[in-house]
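Okay, structure first, notes after.
The values are calculated or read from the model by the stated rules, or taken from the named source; none is laboratory data. Remember, it's a predicted structure, so these values are computed and weren't measured experimentally. Don't worry about glycine lacking a Cβ; one is built from the backbone with ideal geometry, like all the others, and counts go over all protein chains shown. Side chains included, ligands, DNA and RNA excluded: accessible areas come from the protein's heavy atoms. Shrake-Rupley method; radii C 1.70, N 1.55, O 1.52, S 1.80 Å.
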There are 2 protein chains.
Amino acid sequence: MELTISQRMAAMQPSAIREIFKNMADPSIVPFAGGNPSPEAFPVKELQNISRIVFENNPVTALQYSVTEGYPQLREAAKQFANGREPGLSHPGDGIIITSGAQQAIDLAAKCLTDEGDTILCEDPSFIGALNAFRTCRVHLAGVPVEADGISLQGLEDAIKANPRAKLLYIIPNFQNPTGVTLSREKRQAVYDLCLRHGVAILEDNPYGDLRFSGSHVPAIKTLDTQGIVCYCGTFSKIISPGLRVGYAIAPQALLDKMVVAKQCSDVHTTVLSQIICCQFLQSCNMAGHLSTLQKLYRGKCSLMVQGMRQHMAKAEFTVPEGGFFLWCVLPKAVDPMAFVKAAGEAKVAVVPGSTFLPDETAPCTAVRLNFSAPSNQQITNGIERLGKVLDAFVR
Amino acid sequence: MELTISQRMAAMQPSAIREIFKNMADPSIVPFAGGNPSPEAFPVKELQNISRIVFENNPVTALQYSVTEGYPQLREAAKQFANGREPGLSHPGDGIIITSGAQQAIDLAAKCLTDEGDTILCEDPSFIGALNAFRTCRVHLAGVPVEADGISLQGLEDAIKANPRAKLLYIIPNFQNPTGVTLSREKRQAVYDLCLRHGVAILEDNPYGDLRFSGSHVPAIKTLDTQGIVCYCGTFSKIISPGLRVGYAIAPQALLDKMVVAKQCSDVHTTVLSQIICCQFLQSCNMAGHLSTLQKLYRGKCSLMVQGMRQHMAKAEFTVPEGGFFLWCVLPKAVDPMAFVKAAGEAKVAVVPGSTFLPDETAPCTAVRLNFSAPSNQQITNGIERLGKVLDAFVR
């Protein structure tokens with residue numbers, strides 16, 4: 001007898017990025033493929049100090065089982081933080097749940113809002129972790145093209161009309177992963193109105209919103225949500241630490257009640273030590289100053305990459321993001337993107353082929369995603385230069 | 001517009017126990033309802049020390065993203081620990097995955113081995129957290145009666161034959177939750193043979209196996225698994241700390257490969273700080289001595305409860321477990337169990353009605369589950385005495 005894998009999982013493959021990630025320990029490879037925060041960005045001293053105090057003052061709370069909704073003080077602190085960053089985010093009737101990273105918030109929301117055979121609308125390309133979570137729910141993914149100012153409104157309307165079982169739009173309005181594009185203020189309202197009119201809920205994922213380093217703030221779609229159709233996901237992975245696995249969702253309480261039940265089935269609750277550490281950090285740290293430091297760090301890294309691209313990769317088109325971790329590089333049409341990724345790997349530069357991020361991975365895509373948050377400044381400079389040489393060998 | 005909850009989650013209710021748990025902060029209530037380890041059992045000093053060292057020596061590893069399979073040194077240490085406790089547990093072709101508690105291992109295994117409409121066989125009664133995870137997979141649950149020496153073999157064979165889409169047996173062989181019963185050595189082989197013959201995979205959940213305080217060790221079903229049909233789940237929740245959320249599964253690699261993909265979609269990876277703390281504890285602590293201390297602690301608490309039951313609850317029947325956290329108390333037939341639970345609550349003793357643990361929650365059940373690990377010795381003595389008075393008021 002052999003174990004038979006379920007249909008829901010049989011076709012699922014490991015994320016190409018998580019696989020590439022396994023090679024990232026090799027220091028000779030320039031890591032443009034991942035999505036890690038810069039190790040320089042971790043507030044090590046503060047977290048070390050907080051951790052010491054937790055074990056001194058409150059060890060049993062940190063080590064015992066806790067409630068599924070999340071450590072109560074963190075729920076309050078996270079809500080205050082999120083509403084401080086996005087005034088008007090929480091509406092009457094909303095609540096908050098602490099999740100094991102925003103990934104879990106996305107997974108739980110999809111489970112609670114869709115059944116097998118339903119359609120989830122998403123940006124095309126979009127975040128692979130979310131797309132894979134949706135795939136395990138056995139839903140149909142309908143991709144909508146992304147323009148320079150975010151998701152195409154016409155494309156969204158067409159997709160809604162073409163998919164009568166469209167239940168949910170998954171969208172990353174700020175410095176989208178993988179394109180780096182930001183949804184304009186006007187389009188946010190239009191997206192909201194369109195979804196409301198057609199009975200489509202919105203899953204707004206905002207992992208990079210606190211890392212804007214140029215341009216001006218555009219309010220979250222959730223702030224426009226007078227009717228209670230938006231589930232907003234945030235995370236401390238990019239601004240405190242991803243290893244701690246602490247994210248959250250702010251949404252109408254009726255949805256959160258079901259997400260709590262789904263979370264009980266998934267992991268009972270998020271690591272309490274992580275939750276207390278994040279809570280104390282939010283309460284005791286100068287968050288404005290901390291975020292400003294991070295924004296400065298990533299502004300510098302992004303500029304360096306853009307500068308290198310202009311010098312060495314002028315044959316490609318690329319986005320210039322106003323925040324976040326990524327830029328999106330469209331190679332000249334003549335270039336076979338998989339051959340390019342392979343050649344880049346041989347030149348010791350890890351990049352991810354754009355097709356990885358497509359709802360339909362078999363569709364043509366000549367882009368690659370470049371990450372500027374994880375590599376050092378020197379790796380960015382050298383890596384882009386090497387990437388330019390690789391491209392030159394393809395396009396003479 | 002109102003958000004429409006998916007069919008898969010619409011009928012799901014919060015676990016009665018997790019709800020009761022919310023009241024457990026009230027120190028005047030005797031906590032027989034939960035399943036918490038004793039706070040005295042936490043190795044606070046050691047974990048405090050380990051945590052300090054991690055932040056000193058290895059902060060970036062603890063704070064950064066990690067691989068989904070689990071922190072490599074912990075995977076090795078957990079495998080060694082589990083195989084030391086259960087010689088012959090790992091077979092050639094097996095691997096290990098670190099999960100966010102055993103709950104996640106159960107959830108992932110069910111996702112990877114069953115589709116909507118399949119049947120999962122389970123003990124009747126069984127662990128509510130697992131049953132609820134299965135319910136969100138929209139499978140049919142087929143309960144099999146539990147006898148004094150574990151699951152009924154005839155009942156299992158009947159259930160397999162009655163359910164052609166039976167894909168998986170979920171079973172807790174040691175000090176079962178909620179009954180406290182242990183599956184005999186002979187029955188383990190018979191259960192394995194029966195499942196193998198009928199093409200049913202086995203999900204063996206062993207959260208309490210390290211907490212045997214009387215009788216002698218019975219090897220895990222996984223040790224009998226010559227054909228690769230068993231997924232074995234373990235956890236550090238009961239012997240180190242549940243708040244850290246670290247469990248594991250040992251299973252054929254082909255299954256683990258899919259569980260890794262499912263875990264990527266669920267929470268990317270388990271909190272790294274938790275994983276390193278568990279790893280260092282396994283590597284640096286005298287585990288035999290630590291477990292012996294815990295066994296002694298729980299032997300004392302169990303004896304105290306059994307003694308109280310004999311004195312004050314002689315009108316009820318109850319199991320005398322050889323380990324674990326629970327005993328199962330069957331009330332006289334004349335007693336309305338829900339009225340008893342309510343009256344107990346009014347007498348400030350929290351117990352869980354047995355129906356909570358049934359695959360079919362509407363079936364009749366006159367039992368309650370009693371937890372002896374969390375309450376203090378004094379709470380056990382007082383609580384059982386009070387419970388006896390409550391019962392006396394029902395049965396004169």
Whether any residue in the range A:235-243 is within 17 Å of residue A:105 (Cβ to Cβ) and of a type in the set (A, V, I, L, M) is what I want to check. yes
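Could you tell me whether the range A:196-204 includes any residue that is part of a helix (DSSP H, G or I) and either under 17 Å from the mean Cα position of the chain (by Cα) or more than 13 Å from chain B (Cβ to nearest Cβ) (or both)? Let's see the steps before the verdict.
First pass over the range A:196-204, keeping only residues part of a helix (DSSP H, G or I): A:196-198.
Among the residues that remain, those that are also either under 17 Å from the mean Cα position of the chain (by Cα) or more than 13 Å from chain B (Cβ to nearest Cβ) (or both) are: none.
No.
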Six or more apart or on different chains, Cβ atoms under 6 Å: show the pairs whose first residue is in the range B:331-354 and of a type in the set (D, E, K, R) and whose second is open to solvent by 10 Å² or more (accessible area, probe 1.4 Å). B:348/B:28; B:348/B:29
Count - residues of the range B:325-347 that are assigned to a loop (DSSP other than H, G, I, E, B) and either in contact with a Leu (Cβ under 6 Å, 6 or more places away or on another chain) or hydroxyl-bearing (Ser, Thr, Tyr) (or both): 0
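Considering only the range B:78-96, how many residues are among the basic types (Lys, Arg) and either open to solvent by less than 70 Å² (accessible area, probe 1.4 Å) or over 18 Å from residue B:256 (Cα atoms) (or both)? Steps first, answer last, please.
Step one: list which residues in the range B:78-96 are among the basic types (Lys, Arg), which gives B:79, B:85.
Those left that are additionally either open to solvent by less than 70 Å² (accessible area, probe 1.4 Å) or over 18 Å from residue B:256 (Cα atoms) (or both): B:85.
Residues meeting the conditions: 1.
For the range A:69-77, check the following and say yes or no: at least one residue is open to solvent by less than 40 Å² (accessible area, probe 1.4 Å), out of contact with any Ser or Thr (no Cβ under 6 Å at 6 or more places or on another chain) and without any contact (Cβ under 8 Å) to a residue 12 or more places away in the chain.
No.
Given the condition away from every other protein chain (no Cβ under 11 Å), part of a helix (DSSP H, G or I), closer than 17 Å to residue B:71 by Cβ and in contact with a Phe, Trp or Tyr (Cβ under 6 Å, 6 or more places away or on another chain), answer yes or no: does some residue in the range B:282-290 qualify? Before you say what the answer is, go through the steps one by one.
Start the filter on the range B:282-290 by keeping residues that are away from every other protein chain (no Cβ under 11 Å), which leaves B:282-290.
Add one more test, that the residue is part of a helix (DSSP H, G or I), and what stays is B:282-284, B:287-290.
In the following step, the residues that additionally are closer than 17 Å to residue B:71 by Cβ were identified as B:282-284.
Next, only the ones that are in contact with a Phe, Trp or Tyr (Cβ under 6 Å, 6 or more places away or on another chain) stay: B:282.
So far as the range B:282-290 goes, yes, one or more of its residues are away from every other protein chain (no Cβ under 11 Å), part of a helix (DSSP H, G or I), closer than 17 Å to residue B:71 by Cβ and in contact with a Phe, Trp or Tyr (Cβ under 6 Å, 6 or more places away or on another chain).
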The helices (runs of 4 or more DSSP H) lying wholly within the range A:1-113 that contain at least 3 residues that are under 24 Å from the mean Cα position of the chain (by Cα) and at the interface with another protein chain (Cβ under 7 Å from one of its Cβ atoms) are A:101-113
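With A:203, A:169 as the choices, which residue is in contact (Cβ under 8 Å) with a residue 60 or more places away in the chain and in contact with a strand residue (DSSP E or B) (Cβ under 8 Å, 6 or more places away or on another chain)? Even if it seems obvious, please write down each step before you answer.
Working: A:169 fails: in contact (Cβ under 8 Å) with a residue 60 or more places away in the chain.
Unique residue meeting the criteria: A:203.
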Taking the range B:348-366 and keeping only residues that are within 26 Å of residue B:119 (Cα to Cα), outside any loop (DSSP other than H, G, I, E, B) and not hydroxyl-bearing (Ser, Thr, Tyr), one is left with B:353, B:354, B:357
Within the range B:205-221, take every residue that is closer than 19 Å to residue B:152 by Cα and not in a loop (DSSP other than H, G, I, E, B) and give me the one that is nearest to the chain's Cα centre (by Cα). B:205
Residue count, the range A:232-254, condition crowded, with 24+ Cβ neighbours inside 10 Å and either within 14 Å of residue A:92 (Cβ to Cβ) or within 7 Å of another protein chain (Cβ to nearest Cβ) (or both), comes to 7
Residues satisfying the stated conditions in the range A:139-162, i.e. closer than 14 Å to residue A:194 by Cα and either within 14 Å of chain B (Cβ to nearest Cβ) or among the polar types (S, T, N, Q) (or both): A:152, A:154, A:160
Go through A:163, A:177 for me and flag whichever is under 30 Å from residue A:33 (Cα atoms) and in contact (Cβ under 8 Å) with a residue 40 or more places away in the chain. A:177
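Given the residues A:136, A:119, which is the only one that is polar (S, T, N, Q), within 8 Å of another protein chain (Cβ to nearest Cβ) and out of contact with any Gly (no Cβ under 9 Å at 6 or more places or on another chain)? Spell out how you get there, then give the answer.
On the way: A:119 fails: within 8 Å of another protein chain (Cβ to nearest Cβ).
Criteria check complete, one pass: A:136.
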Output yes when any residue across the range A:174-193 is away from chain B (no Cβ under 14 Å), more than 21 Å from residue B:268 (Cα to Cα), over 15 Å from the mean Cα position of the chain (by Cα) and among the small types (Gly, Ala, Ser), and no when none is. yes
Could you tell me how many of the residues in the range A:308-330 are without any contact (Cβ under 8 Å) to a residue 60 or more places away in the chain and under 25 Å from the mean Cα position of the chain (by Cα)? 4
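Residues checked against (1) farther than 22 Å from residue B:81 by Cβ; (2) touching a Lys or Arg at 6+ places or on another chain (Cβ under 8 Å); (3) of a type in the set (A, V, I, L, M, F, W, C); (4) surrounded by fewer than 24 Cβ atoms within 10 Å (Cβ to Cβ):
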{"site": "B:148", "(1), (2), (3), (4)": "yes, no, yes, yes"}
{"site": "B:187", "(1), (2), (3), (4)": "yes, no, no, yes"}
{"site": "B:201", "(1), (2), (3), (4)": "yes, yes, yes, no"}
{"site": "B:212", "(1), (2), (3), (4)": "no, no, no, yes"}
{"site": "B:216", "(1), (2), (3), (4)": "no, no, no, yes"}
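Could you say which residue among A:257, A:267 is over 27 Å from residue A:151 (Cα atoms), open to solvent by 10 Å² or more (accessible area, probe 1.4 Å) and within 11 Å of another protein chain (Cβ to nearest Cβ)? Reasoning before the result, please.
Values: A:267 fails: open to solvent by 10 Å² or more (accessible area, probe 1.4 Å).
Checking each option against the conditions leaves just A:257.
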Pick out the one residue from A:371, A:382 that is in contact (Cβ under 8 Å) with a residue 24 or more places away in the chain, within 18 Å of residue A:30 (Cβ to Cβ) and open to solvent by 30 Å² or more (accessible area, probe 1.4 Å). A:382
Residues located in the range A:233-273, provided they are more than 15 Å from residue A:67 (Cβ to Cβ), within 20 Å of the chain's Cα centre (by Cα) and part of a helix (DSSP H, G or I): none
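Filter the range B:218-231 down to the residues that are open to solvent by 10 Å² or more (accessible area, probe 1.4 Å) and in contact (Cβ under 8 Å) with a residue 40 or more places away in the chain and list them by number.
Going through the range B:218-231, the residues open to solvent by 10 Å² or more (accessible area, probe 1.4 Å) turn out to be B:218-219, B:223-224, B:226-228.
Across the range B:218-231, the qualifying residues are B:218, B:219, B:223, B:226, B:228.
Which count do you get for residues in the range A:317-355 that are of a type outside the set (Lys, Arg) and open to solvent by 10 Å² or more (accessible area, probe 1.4 Å)? If you could, list the steps in order and put the result at the bottom.
Taking the range A:317-355 first, the residues of a type outside the set (Lys, Arg) are A:317-332, A:334-341, A:343-347, A:349-355.
From what is left, the residues that are open to solvent by 10 Å² or more (accessible area, probe 1.4 Å) are A:317-320, A:322, A:328, A:330, A:332, A:334, A:336-339, A:341, A:343, A:345-347, A:350, A:353, A:355.
Count: 21.
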